[in-house]
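The values are calculated or read from the model by the stated rules, or taken from the named source; none is laboratory data. Source: prediction; values computed, not measured. Here the Cβ is made from the backbone with ideal geometry for all residues, glycine too, and neighbour counts use every protein chain on show. Calculation scope for accessible area: heavy atoms of the full protein, side chains included, ligands and nucleic acids excluded. Shrake-Rupley method; radii C 1.70, N 1.55, O 1.52, S 1.80 Å.
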Amino acid sequence: MDLSSAQRSVLELLGAVSSEDLPALLDWMRTTRDFDEFIHNNNDIILKNIAEDLRNCLPLETMLPSEQIAIQKIKQHPEPVIHIDAFLYDDDFIDYLCDNGKMSRNYCMVCGSHQTTPLGFISHSFSPLELKFIYQHVLPDLSGKVLVDVGSRLGPVLFAGYLYSSALQLHGVEMNQDFCQLQEMIIAKYKFTDRIKVHHANICTQASLLQNADVVIMNNVFEYFLDRSEQARAWEYISHNVKKKGTLLVTVPSLKESLSNLQVAIPLNEWVEEVQLNYDVYTEKDIDREALEQIHLYKIL
Ligand SMILES: C[S@@+](CC[C@H](N)C(=O)[O-])C[C@H]1O[C@@H](n2cnc3c(N)ncnc32)[C@H](O)[C@@H]1O
C-alpha cells in the first residue's frame, strides 16, 4: 500500500471509531510502544535506502581519484586486496557480483589475476550490523550527548546515530571534500540537518570539537590515509584533546594495535581504561564475529 492510501485508511479507521473511544485510541497511538518494531524496521530500511543512493553516486570500489594515498597504500599491500565498502555492499550483494562476473573473491598467486586464492577484502566503512552493534550494544543511552566521528567518509556512523540513538549532536569530520559533499547530499535528502553536522577539515584543527565530545568514534581512520609521521601526529593530537573524564572512545582496531607501529609517546594506561564488550549478542550463524571483535570501547580517565 502506498503512503497516500495508507493515510486515507488510517483516517477512515479513526472516523469509524465511536466518539467515546476515540480519545483513548488517540492517546494509545501517541504513547504505545507497540509501534517500536515498525519504527526499528523502518530505520533499517532508511539506512538501506541511503546505501543505495550512495552506491548510485560511486564506483564499485568506492575509492575516489582524490584519495591517491589510500589507493597507493592498497596497491602496496603484500597480498592482493580489494576495497569493498561494507556499508554499501553486503555479502549477498558481493555474491551476486561474483556470480555475474563483475567481481572475484580469488586471485592467482602466480600472475596476480583474480583466479585461485581468496582475495583480502578491505572496507573503509562500518557495515550496517557493526553500526547497530555500536549503537545498541556498545554505547549507553546518548540522550543529550555529543558524538564526533573522526573521518566520517560516507557518513554511516552519523546516519546510524541519527536513526538508532538519541544523541543530541552528531559531528563528522572529514578531510576529503568529495565525501563531505556526498554526506551533505544525504543529510539534506533525509532531513537530518537538526542533529548532524559535517565539517570539512583535518581533525588536527578541531580541538574544541574533540574537547567537548562525549563520544568519539575512530574506525581505521589514519592508517590508509596518512603517512606514518602524520599518523603519529594525529594520534598525539587526539590524545591531547580527548581528555574530558568519562568520554567514550570507540576504536577499530584496538588502540594498542593502532599505535603499535608508530613513534608515539601516549601512556595508554594513564589516558584510558578499556571497557569489556560482549560480542555474543547475535546468535545467527552468518554473523561476522571477527569484525565485531575489532571494535573496542575505552573510557577516558
Ligand atoms: C576508514 S574511513 C572511516 C569511515 C567511517 N568513519 C566509518 O566508520 O564508516 C577513514 C576516513 O578518515 C578520513 N581521514 C583520514 N585522516 C583524517 C584526518 N586527519 N582528518 C579528517 N579526516 C581524515 C579519510 O579521508 C577517510 O575517509
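Applying the Karplus relation 6.51 cos²θ - 1.76 cosθ + 1.60 with θ = phi - 60° to segment 8-15 yields 3J(HN,Hα) values of 4, 5, 5, 5, 4, 4, 5, x Hz, where x marks Gly and Pro. Taking all protein chains together, Trp28, Trp235 sort by accessible area into Trp28, Trp235, largest first [probe 1.4 Å]. Against the chain, whose longest principal axis is taken from its Cα atoms, helix 22-31 shows a tilt of about 10°. Applying the Karplus relation 6.51 cos²θ - 1.76 cosθ + 1.60 with θ = phi - 60° to segment 130-147 yields 3J(HN,Hα) values of 4, 5, 5, 4, 4, 7, 9, 10, 9, 8, x, 4, 9, 3, x, 9, 10, 10 Hz, where x marks Gly and Pro. In a fully extended conformation the segment linking Thr32 and Tyr282 would gain 87.3 nm over its present Cα-Cα distance, using 0.36 nm per residue.
Projected label points at Asp227 and Ala188, each 7 Å from Cα along the beta carbon direction, are separated by 3.7 nanometres. For Lys132, Lys197, Lys145, the ranking by accessible surface with the largest value first comes to Lys197, Lys145, Lys132, using a 1.4 Å probe. Distant-in-sequence amide contacts of Val275, defined by a placed amide H-H separation under 5 Å and a gap of 5 or more residues or a different chain, comprise Leu297, Tyr298, Lys299. What does the charge count near His199 come to, summing +1 for each Lys or Arg and -1 for each Asp or Glu among other residues with Cβ under 12 Å from its Cβ? Every neighbour counted, the sum reads -2.
Counting only heavy atoms of the protein chains and using a 1.4 Å probe, Ser9 has close to 50 Å² of accessible surface. Rounded to the nearest 500 deg cm²/dmol, what is the calculated helix-only ellipticity per residue at 222 nm for the chain, with -39500 (n - 2.57) per DSSP H run of length n ≥ 4? Theoretical 222 nm ellipticity from helices: -12000 deg cm²/dmol. Database remark: amide H of Asp149 closer than 5 angstrom to the amide H of His171, Gly172, Val173, Ile217 (H placed geometrically; neighbours at sequence offset of 5 or more, or on other chains; Pro and chain starts carry no H). The slack in the chain from Ser4 to Asn202, taken as 0.36 nm per residue of separation less the alpha-carbon distance, amounts to 66.8 nm.
Over 29 Å apart at the Cα level, from the set Lys75/Lys285; Lys132/Lys197; Lys197/Lys243; Lys102/Lys285, are Lys75/Lys285. For Ala167, the residues whose amide H sits under 5 Å from its own are Leu142, ignoring neighbours fewer than 5 places away on the same chain, with H placed 1.01 Å from N. Dipole magnitude for the chain: about 960 debye, using +1 per Lys or Arg Cβ and -1 per Asp or Glu Cβ, origin at the Cα centre.
Net charge near Glu174: determine it from the other residues with C-beta under 9 Å of the C-beta of Glu174, scoring Lys and Arg +1 and Asp and Glu -1. With Lys, Arg at +1 and Asp, Glu at -1, the net is 0.
Rounded to whole numbers, the Karplus 3J(HN,Hα) couplings from phi for segment 276-290 are 5, 10, 9, 8, 9, 6, 10, 9, 4, 5, 8, 6, 7, 5, 4 Hz, using 6.51 cos²θ - 1.76 cosθ + 1.60 with θ = phi - 60°, and x at Gly and Pro. Taking all protein chains as they are arranged and a probe of 1.4 Å, the heavy atoms of His124 leave approximately 20 Å² accessible to solvent. Near Asn43: Cβ cut-off under 13 Å, other residues only, Lys/Arg at +1 and Asp/Glu at -1. The net charge is -1.
Peptides 146-155, 214-223, 254-263, ordered by how many other C-beta atoms sit within 10 Å of their residues on average, highest first, read 146-155, 214-223, 254-263. Length gained on full extension, Glu236 to Gln181: 17.0 nm, using 0.36 nm per residue less the C-alpha separation. On the basis of the beta-carbon distance and an R0 of 51 Å, Leu168 and Gln76 show a calculated FRET efficiency of 0.80.
Rolled with a 1.4 Å probe across the full set of protein chains, the surface gives Phe38 an accessible area near 140 Å².
Split the accessible area of the chain by element, probe 1.4 Å, and carbon with sulfur accounts for 51%.
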